[in-house]
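Colleague: Sending over a structure as structure tokens; questions will come in a sec.
Computed from the coordinates by the stated procedures, all read-outs in this text should not be read as laboratory data. Everything numeric in this text was worked out from a predicted model, so none of it was measured. Cβ placement follows ideal geometry from the backbone for every residue including glycine, while neighbour counts extend to all protein chains displayed.
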Amino acid sequence: MKKICVFTGSRAEYGLLKSLMQQIDRDPDLQLQVLVSGMHLSPEFGLTFREIEQDGFVIDEKVELLLSSDSPIGLCKSTGLGLIGFGEALQRLAPELLVVLGDRFETWAVCAAALFARIPIAHLHGGEATEGAVDEAIRHGITKMSHLHFTATESYRRRVIQLGESPQRVFNVGAPGVENIKKLALLDRSALEAEIDFTFGRQNALVTFHPVTLETATAQSQFGELLAVLAELPELHLIFTRANADTDGRIINRLIDDFVARRPDTASVYSSLGQLRYLSAMRQVDVVVGNSSSGLIEAPSLGVPTVNIGARQQGRERAASVIDCAPEGQAIRSALNKALSKTFKNLAATVDNPYDGFDTSLRIKEHIKKADLPNTCKAFFDLPIDYLEQIHAKRQENQCKPDDQHSGGAGNH
């Protein structure tokens, strides 16, 4: 059997990979290996490796790497520990292919270890842009280390090819998170309330906010602006999820804890809801607020408005149900009022989601199964010069248009 090693380092990432892991595990010609690290192994983030085991998967290797510090130096040291641990784990596992998703520092470390071990890599969610986060560069770096690419939209597929990857190895399959919405039997309101010990009100919001890691020390001020606006809305019931293990993530988590302590009847915080409960909560709320990719990728498929704050997701494709705003009180207040209006909620219920696909996990598994990757050598795919000139000319043309001809609404950019 072809040994396929799937790596996961965070709760959100596992939720997106779970269906693919099941597809690999059921295939008699494939052997699933599970490599777990990062936040999954941290008590601070809920020891979520237990959820993987509860779902029936055998974890073949665990690599501890998170330090108590979330400073830039702390993340550097965690990445170094990961590189050492992943090198040893991959030597023991000896997979024919490593499967990774996204753009986190743990993922970069495991890919670097696989590159040195000459293990081919399949990458999900490449080609995307998050111009406010260090993840932007990490994601494109992983693309250059990878050999199979599974993108969430056609424009992202084109970007991966623009990075020099052969079109024969780049596949637009849609987003696994959107597939989950279609396949999971989401919990109804009463069942979800019982599951998470939360009482929904007349209006509700799901709040997920992460540090903007390419900005310096803005987490406290930006998240403080959001909390100040939410404090003005005592009737709005709030579900908070904690920030990831990024630089200054603990600052956000402390602010959440203080806020929830002052509003125990209308606000709750969770280290990890898991994919089923998170998507169920998203379906039940009136608005998703923060700067998580889930507000851009999954929320439109549930017909729920999103208020996307600040620069973290800048550059990513979005549906018309997404309202972008600056991380300032007045802008957030205005965006929330718009999102909660009946007119905009009706619009959000009917939008097309650019991340929609079909049979995403099955198609990825079939491509993996058929892939002939005898070694890690690959050639740089050069785009024709005339094609590049056409792109440049098109960009110049768009830049010269008046704003009212090409700016569109906030939900289109």
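Colleague: Once you list every other residue whose beta carbon is under 12 Å from the beta carbon of Val229, what net charge do they have if Lys and Arg are +1 and Asp and Glu are -1?
Modeller: Local net charge: -2.
Colleague: If I take R0 = 51 Å and measure r between the Cβ atoms of Val58 and Ala393 in this structure, what FRET efficiency does the formula 1/(1 + (r/R0)^6) give, to the nearest 0.05?
Modeller: Values: r = 54 Å, r/R0 = 1.06.
That pair, Val58 with Ala393, gives E of 0.40.
Colleague: Using label points projected 7 Å from each Cα along Cα→Cβ, tell me how many nm separate Ala117 and Lys144, to one decimal.
Modeller: The modelled label-to-label distance comes out at 2.3 nm.
Colleague: Which residues' amide hydrogens lie under 5 Å from the amide hydrogen of Phe240, considering only partners 5 or more residues apart or on another chain, with H built in the peptide plane?
Modeller: Long-range HN contacts for Phe240: Val207, Ser268, Val269, Tyr270.
Colleague: A further question on this structure: Sticking to Cα atoms, compute the Rg of the stretch 80-224 to one decimal and its Dmax as the biggest Cα-Cα distance, whole number, in Å.
Modeller: 18.8, 55
Colleague: Turning to a different aspect of this structure: Normalised by the residues of the stretch 186-348, what does the relative contact order come to in percent, with Cα pairs under 8 Å and at least six apart?
Modeller: Reported relative contact order: 24 percent.
Colleague: Antiparallel as a % of all DSSP beta bridges within the chain, to the nearest 5?
Modeller: Roughly 0 percent of the DSSP beta bridges within the chain come out antiparallel.
Colleague: Given a Förster radius of 60 Å and the C-beta distance between Arg26 and Ser221 as r, what FRET efficiency does 1/(1 + (r/R0)^6) yield to the nearest 0.05?
Modeller: Working from the Cβ atoms, E equals 0.80.
Colleague: If we count every other residue with Cβ under 13 angstrom of Asp265's Cβ, Lys/Arg +1 and Asp/Glu -1, where does the sum land?
Modeller: 0
Colleague: Quick one: if you stick a label point 7 Å off each Cα along the C-beta vector at Asp352 and Glu88, how many nm between them?
Modeller: It is 5.2 nm.
Colleague: Over the residues of the stretch 290-362, compute the C-alpha Rg and express it relative to 2.2 N^0.38 Å.
Modeller: Cα Rg divided by the expected 2.2 N^0.38 Å: 1.12.
Colleague: Run the numbers for Leu362 and Glu235: contour at 0.36 nm per residue of separation, minus the present Cα-Cα distance, in nm. Can you show the working numbers first?
Modeller: On the way: separation 127, 0.36 × 127 = 45.72 nm, distance 4.32 nm.
Full-extension gain reported as 41.4 nm.
Colleague: Now a separate question. How much space per residue, in cubic angstrom, does the convex hull of the C-alpha atoms of the chain take up?
Modeller: 139 Å³
Colleague: For a quick protection proxy, order the peptides 194-204, 167-177, 316-326 by their average other-Cβ count within 10 Å, most packed first.
Modeller: The peptides rank, most packed first, as 316-326, 167-177, 194-204.
Colleague: If I stretch the segment between Asp372 and Cys76 completely, what's the gain in nm (0.36 nm per residue apart, minus their alpha carbon distance), one decimal? Provide the component values of the computation, followed by the final result.
Modeller: Working: separation 296, 0.36 × 296 = 106.56 nm, distance 3.46 nm.
So the chain would gain 103.1 nm between Asp372 and Cys76.
Colleague: Rounded to two decimals, what is Rg over Rh for the stretch 186-348 when you use alpha-carbon atoms and the Kirkwood radius?
Modeller: Values: Rg = 14.4 Å, Rh = 15.6 Å.
Answer for the stretch 186-348: 0.92.
Colleague: Moving on. Looking at the stretch 278-324, what % of the alpha carbon pairs are farther apart than 17 Å?
Modeller: 19 percent
Colleague: Do any of Lys2/Lys369; Lys62/Lys144; Lys3/Lys365; Lys144/Lys370; Lys3/Lys370; Lys62/Lys182 go past 19 Å between their Cα atoms, and which? Don't jump to the answer; show the numbers that get you there.
Modeller: Details: Lys2/Lys369 8 Å; Lys62/Lys144 26 Å; Lys3/Lys365 12 Å; Lys144/Lys370 21 Å; Lys3/Lys370 13 Å; Lys62/Lys182 31 Å.
Pairs exceeding 19 Å: Lys62/Lys144; Lys144/Lys370; Lys62/Lys182.
Colleague: Determine the calculated [θ] at 222 nm for the chain from helices alone, applying -39500 (n - 2.57) to every DSSP H run no shorter than 4 residues and normalising by the residue count; nearest 500 deg cm²/dmol.
Modeller: -13500 deg cm²/dmol
Colleague: With a cut-off of at most 14 other beta carbons within 10 Å, and DSSP calling the residue loop, which GluC sites (Glu not before Pro) in the stretch 73-156 qualify? Please list them.
Modeller: Details: sites: Glu88, Glu96, Glu106, Glu128, Glu131, Glu136, Glu154; in loops: Glu96, Glu128, Glu131.
Hits after loop and neighbour filter: Glu131.
Colleague: Relative to the compact globular guide of 2.2 N^0.38 Å, what is the alpha carbon radius of gyration of the stretch 200-250, as a ratio?
Modeller: Details: Rg = 12.4 Å, N = 51, 2.2 N^0.38 = 9.8 Å.
That ratio works out to 1.26.
Colleague: Of the residues Leu184, Leu65, Leu32, which exhibits the maximal mean-square fluctuation in a Gaussian network model of the chain defined by a 10 Å Cα contact cut-off?
Modeller: Result: Leu184 has the largest fluctuation of those listed.
Colleague: Let me ask something else. Among 16-28, 330-342, what's the highest-first ranking by average C-beta atoms within 10 angstrom per residue?
Modeller: So the peptides 16-28, 330-342, ranked by packing, come out 16-28, 330-342.
Colleague: Determine the relative contact order of the chain: mean sequence separation of Cα pairs under 8 Å and six or more apart, normalised by residue count, in whole percent.
Modeller: Reported relative contact order: 16 percent.
Colleague: Given points 7 Å out from each Cα along the Cα-Cβ axis, report the Asp265 to Phe380 separation in nanometres with one decimal.
Modeller: Label at Asp265, label at Phe380, 6.4 nm between them.
Colleague: Give me the Kirkwood hydrodynamic radius of the stretch 64-150 in Å, from all C-alpha pairs, to one decimal place?
Modeller: It works out to 13.2 Å.
Colleague: Using alpha carbons only, how many angstrom separate the centre of the stretch 137-207 from the centre of the stretch 340-364?
Modeller: 12 Å
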